[in-house]
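A.B. asks: This is the structure I want to talk about, given as structure tokens.
Just so it is clear, none of the values below were taken in a lab; they were calculated from the coordinates. Note that the structure is a prediction, hence the values are computed from the model and not measured. Here Cβ is always computed from backbone atoms with ideal geometry, including for glycine, and neighbour counts include all displayed protein chains.
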Amino acid sequence: MGKIKESLLPWLGISKEELVTYKEYASNAYLSYLPDFENFECLMADLTNEYEANRMLKRLRSSGKEEALPAVIDSRKIYFVDELLTEHLNCIHKNSVSTIKLSNTTQREIRIVGRLVYGIMDYSLQKDYKTSYILSQKEYMKRVVFKDDSDLFVKVVQDQDRKAQYVARRGLRVKVHAGIFPGKILVFFTPEGSHEIKVFDYSGWINKPVKVKSIKYKQELGLSDNLLVKSIREDGKVVVYDQTNNKEYLFDSNQIYIPASSRILAEVGVFDELLRFTSFQDMGEDIFLEKALNDIFGKGEEISLKYKNRVNIKLNKIMFKISEDRG
Amino acid sequence: MKKEKFETIILEKPLDPPRLVFGDGEYHDPILGLEYLRYKPYKVDSRIKERGARLLVLVPTNLEKDQKILELILKDLIDGMPMDERYKRYYIRSRWWGYGEVYGINLEYEIEKYSWQQGDISSLVKKIKEEAGIRPRNYDLILIYLPLDVRSPLGGPYYRIKAQSILNKIQTQILLRKNLYYYGKCREKRNTNLNEYRAYGDFLWNFSLSIFVKLGGIPWRLKEVIPNIAGFIGLATIVTSKSTGRYEKSGIAAVQIYNAWGEYVTSARTKIAIITKGRKTWLDPEKIKDLVLSVAIKIKSFPRVDMENNYVIIHVTDLYKEEVKKTMVEAVKDVGFKKVKLIRVQEEGSLRLYNQSREKSVQRWPPLGTYWFLEEKRLAQLFTTGKWQYMPPPREPYSIPWFTCSPIQISLEGPLEEELTKHDLKCILWLTYLHPYSGDLPRIRMPVNLRMARRLAKIVASEDLGEQEIPDISYLY
């Protein structure tokens, strides 16, 4: 059909907007419809010692206590969804535990709601959907979910000579926006990849850059970023040379890692192969996104993120309509 | 498929990209303008046009094979890409017509050898200094072939050579081994494989553009000035590996300013202490204030600047503490500007959109210029890459095969009384069109001021340039 002259539109009884044609786009964004995050129910208790509570919460999480996942400490109070948590934390005023309602319309409560949702997701994605997280050394809070037994998500290249494995992983980065829509949360699942070098014997990595796993330990020792593997002792410990400070340090092999930088991966000849995988060159990012969402959540437009029988966050996929006529 | 299970959001029409002006015409796409419509570039340095340009090509000793590949590429660069008649006739965008034909400049080169040992750039620095000491100069540009597979990290040869180029006011173009080998192979197969032909043609276009702008040329510019803008400041901060305290490291802050035409004006930088604890970066507010103040004064001196109504826009990528953000805004206001916005631009937004009804992946991404205000007046996602009219109609718009079209994320960081508007997004989109080194602009995500400020910060962080002023050569980096 040809174009209608704009001046004729009033005669035809149609507005300019009605003539716009839209194309539909699927997205990686999900909007919650349950529960109502303007009245989000959770437990709250006063803390006797906030520092101690933080420390204990971290310890409980690393020891696998599920009830410690959806828990947030803020201004000498703890917000959580599972009363079991009170049994593990001795810095809670026991008689202060109460049920409260949070609203994602105030700045302070948005933060708490968002962090509780992350905790619920941590539980649900690992327990219900059997996924793991790609843990980033640099970004502690970053969550990229993937399935470690699936070729869609993981590619491994073996290196017998250097006694190492080069691992490319790709998954979906989870980002929660808790304060944009009153009563709702918005979640993005964005494709992302990362590389890792797993070294079984550092003797093949002499004079190569190395990093210390614990940032805290690194800061305590005052190490620079210019560290090299110098030699391996008979007891298996690794001598690391700090080029900037001209000092040597001794580490267990599990305290250090070889950074999977593009330069090192190129030197060992696997960079292009791994990059092809993690930049989705084998299928396209959009196809990977569709496959990964189907693989993790099953086919459908709805996602359910549950914490035991206490919370069930239900989200719908957002479809976008875009007019492709330019102005 | 149960439709009712979806939430549906209707987006406004995508933003219009800018019209670009060439020497003898205008168009929306730089390569179509120069290659298909055969427009001349917007401005050629008259001296260079008259006498031609001379390149000194530096190649490491004992790399005869690499030198041969480089010579073949340089021959094509000057004479045009030899191509099969089929390709010549149909495959527009990737056809390369030769340097003189496209830019009207006669290009000549001479090859010299230099001794290369891994990581040691002393012989290259010597050559750069030698050339800098000669008046008039023997060469207009030094092309350096570096036998490295990746652009080196901070403090590595690539950025150190660039720093030395700045110090000595010498224009340099660096070609890495990885690119030489890759495009050398593409060259061999260009007449039997369409992808290789395209890759090689695109490379020659980008390579030629880099050389052209470093020879003082301006390939295209905006057709119209961006309204209500006094100037754009791009600010980038880089942390060097030097620790100066438990959470403190030394760093570099670099700024680049562009005017309302999106033209580069000048740059500046300072050494700073950077404290990173958690996600936010803390910088010494006094130093940042001095830096922003110094460039705001330069914006004040632009002709016809309306300090009451025109905005100074500061673009940043990092998340700074409130105190630092306030300092930047105050510095601009102290100069006398009434309106200022601090806008954070992050390279990777979270949103992905794809049209499931299209089978071909190049048709699935949204059009370039698509945007969504996640948070009204504060936070938006903008597709500075996307489906694009790469070919003249009737061909449909498409995106580059295997290229992910993801949006950038834009947030207003201050001051509180301001709002993030559609116009702010348009400014950012238009600034992505003014990156002078690439013809493939629809593939460039970030605005030119931030991209170049970041590059400058990396260069300055790689070699101690002292406190001396950076020679102001627009397209040196």
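A.B. asks: So which residues in the range B:140-166 are away from chain A (no Cβ under 14 Å), in contact with an Asp or Glu (Cβ under 8 Å, 6 or more places away or on another chain) and closer than 30 Å to B:GLY52 by Cβ, if there are any at all? Write out each step before concluding.
C.D. replies: At the first step, the residues of the range B:140-166 found to be away from chain A (no Cβ under 14 Å) are B:140-145, B:160-166.
With in contact with an Asp or Glu (Cβ under 8 Å, 6 or more places away or on another chain) added as a condition, the list becomes B:142, B:145, B:160, B:163-164.
Across the range B:140-166, the qualifying residues are B:ILE142, B:TYR145, B:ALA163, B:GLN164.
A.B. asks: Then there is this: Determine the pairs where a residue that is over 21 Å from B:GLY80 (Cβ atoms), located within the range B:206-230, has a partner that is assigned to a helix (DSSP H, G or I) and β-branched (Val, Ile, Thr) with Cβ atoms under 6 Å apart, the partner being 6 or more residues away or on another chain.
C.D. replies: B:ALA230/B:ILE299
A.B. asks: If you go through the range A:278-327, how many residues are assigned to a helix (DSSP H, G or I), at the interface with chain B (Cβ under 9 Å from one of its Cβ atoms), surrounded by fewer than 21 Cβ atoms within 10 Å (Cβ to Cβ) and not hydrophobic (A, V, I, L, M, F, W, C)? Break it down into steps so the answer makes sense when it comes.
C.D. replies: Step one: filter the range A:278-327 for residues assigned to a helix (DSSP H, G or I), giving A:278, A:285-297.
From the residues that got through so far, the ones that are at the interface with chain B (Cβ under 9 Å from one of its Cβ atoms) too are A:285-287, A:289-290.
Now drop any that are not surrounded by fewer than 21 Cβ atoms within 10 Å (Cβ to Cβ), which leaves A:287, A:290.
Among the residues that remain, those that are also not hydrophobic (A, V, I, L, M, F, W, C) are: A:290.
Within the range A:278-327, residues that are assigned to a helix (DSSP H, G or I), at the interface with chain B (Cβ under 9 Å from one of its Cβ atoms), surrounded by fewer than 21 Cβ atoms within 10 Å (Cβ to Cβ) and not hydrophobic (A, V, I, L, M, F, W, C) number 1.
A.B. asks: Restricting attention to the range A:74-88, which residues are crowded, with 20+ Cβ neighbours inside 10 Å and either of a type in the set (Lys, Arg) or outside any loop (DSSP other than H, G, I, E, B) (or both)?
C.D. replies: Of the range A:74-88, the ones crowded, with 20+ Cβ neighbours inside 10 Å are A:78-82, A:85.
Correct list: A:ILE78, A:TYR79, A:PHE80, A:LEU85.
A.B. asks: Now a separate question. What do you reckon, is A:ASP161 in a helix (DSSP H, G or I), more than 21 Å from B:GLU7 (Cα to Cα) and either within 12 Å of chain B (Cβ to nearest Cβ) or not hydroxyl-bearing (Ser, Thr, Tyr) (or both)?
C.D. replies: Considered against the rule, which asks whether it is in a helix (DSSP H, G or I), more than 21 Å from B:GLU7 (Cα to Cα) and either within 12 Å of chain B (Cβ to nearest Cβ) or not hydroxyl-bearing (Ser, Thr, Tyr) (or both), A:ASP161 comes out as no.
A.B. asks: If you don't mind, another one. Listed residues B:LEU379, B:LEU434; which is under 26 Å from B:ASN309 (Cα atoms), buried (at least 19 other Cβ atoms within 10 Å of the Cβ), of a type in the set (A, V, I, L, M) and touching a Leu at 6+ places or on another chain (Cβ under 8 Å)?
C.D. replies: B:LEU434
A.B. asks: How do the pairs read when you match residues in the range B:7-20 that are at the interface with another protein chain (Cβ under 7 Å from one of its Cβ atoms) with residues anywhere that are of a type in the set (Phe, Trp, Tyr), using Cβ under 7 Å and keeping only pairs 6 or more apart or on different chains?
C.D. replies: As it stands, the answer is B:ILE9/A:PHE320; B:ILE10/A:TYR22; B:LEU11/A:PHE320; B:LEU11/B:TRP372, since those pairs meet every condition given.
A.B. asks: Could we say that B:VAL324 is outside any strand (DSSP E or B), away from every other protein chain (no Cβ under 13 Å) and touching a Leu at 6+ places or on another chain (Cβ under 9 Å) here?
C.D. replies: Working: outside any strand (DSSP E or B): yes; away from every other protein chain (no Cβ under 13 Å): yes; touching a Leu at 6+ places or on another chain (Cβ under 9 Å): yes.
Answer is yes for this residue.
A.B. asks: Got at least one residue in the range B:168-186 being over 27 Å from B:ASN106 (Cβ atoms) and in contact (Cβ under 8 Å) with a residue 60 or more places away in the chain?
C.D. replies: Within the range B:168-186, one or more residues are over 27 Å from B:ASN106 (Cβ atoms) and in contact (Cβ under 8 Å) with a residue 60 or more places away in the chain.
A.B. asks: Examine the range A:78-101 for a residue that is within 15 Å of A:CYS42 (Cα to Cα), free of Cβ contacts under 8 Å to residues at least 60 places away in the same chain and basic (Lys, Arg), and state whether such a residue exists.
C.D. replies: Applying the first criterion (within 15 Å of A:CYS42 (Cα to Cα)) to the range A:78-101 yields A:78-86, A:96-101.
In the following step, the residues that additionally are free of Cβ contacts under 8 Å to residues at least 60 places away in the same chain were identified as A:78-80, A:83-86, A:96-100.
From what is left, the residues that are basic (Lys, Arg) are none.
Within the range A:78-101, none of the residues are within 15 Å of A:CYS42 (Cα to Cα), free of Cβ contacts under 8 Å to residues at least 60 places away in the same chain and basic (Lys, Arg).
A.B. asks: Let me ask you something else. Among the residues of the range B:27-64, which ones are assigned to a helix (DSSP H, G or I), touching a helix residue (DSSP H, G or I) at 6+ places or on another chain (Cβ under 8 Å) and not charged (D, E, K, R)? Break it down stepwise before answering.
C.D. replies: If we filter the range B:27-64 for residues that are assigned to a helix (DSSP H, G or I), which is where we start, we get B:30-36, B:46-51, B:64.
If we keep only those that are touching a helix residue (DSSP H, G or I) at 6+ places or on another chain (Cβ under 8 Å) as well, we get B:30-31, B:34-35.
Answer for the range B:27-64, where residues must be assigned to a helix (DSSP H, G or I), touching a helix residue (DSSP H, G or I) at 6+ places or on another chain (Cβ under 8 Å) and not charged (D, E, K, R): B:PRO30, B:ILE31, B:LEU34.
A.B. asks: Let me ask something else about it. Can you confirm whether B:TYR87 is farther than 17 Å from B:ILE170 by Cα and more than 24 Å from the chain's Cα centre (by Cα)?
C.D. replies: On the way: farther than 17 Å from B:ILE170 by Cα: yes; more than 24 Å from the chain's Cα centre (by Cα): yes.
Spelling it out, B:TYR87 is indeed farther than 17 Å from B:ILE170 by Cα and more than 24 Å from the chain's Cα centre (by Cα).
A.B. asks: Moving to a separate point now. Are any residues in the range B:65-78 without any contact (Cβ under 8 Å) to a residue 60 or more places away in the chain and in contact with a helix residue (DSSP H, G or I) (Cβ under 8 Å, 6 or more places away or on another chain), and if so, which ones?
C.D. replies: Residue satisfying the conditions is B:ILE78 alone.
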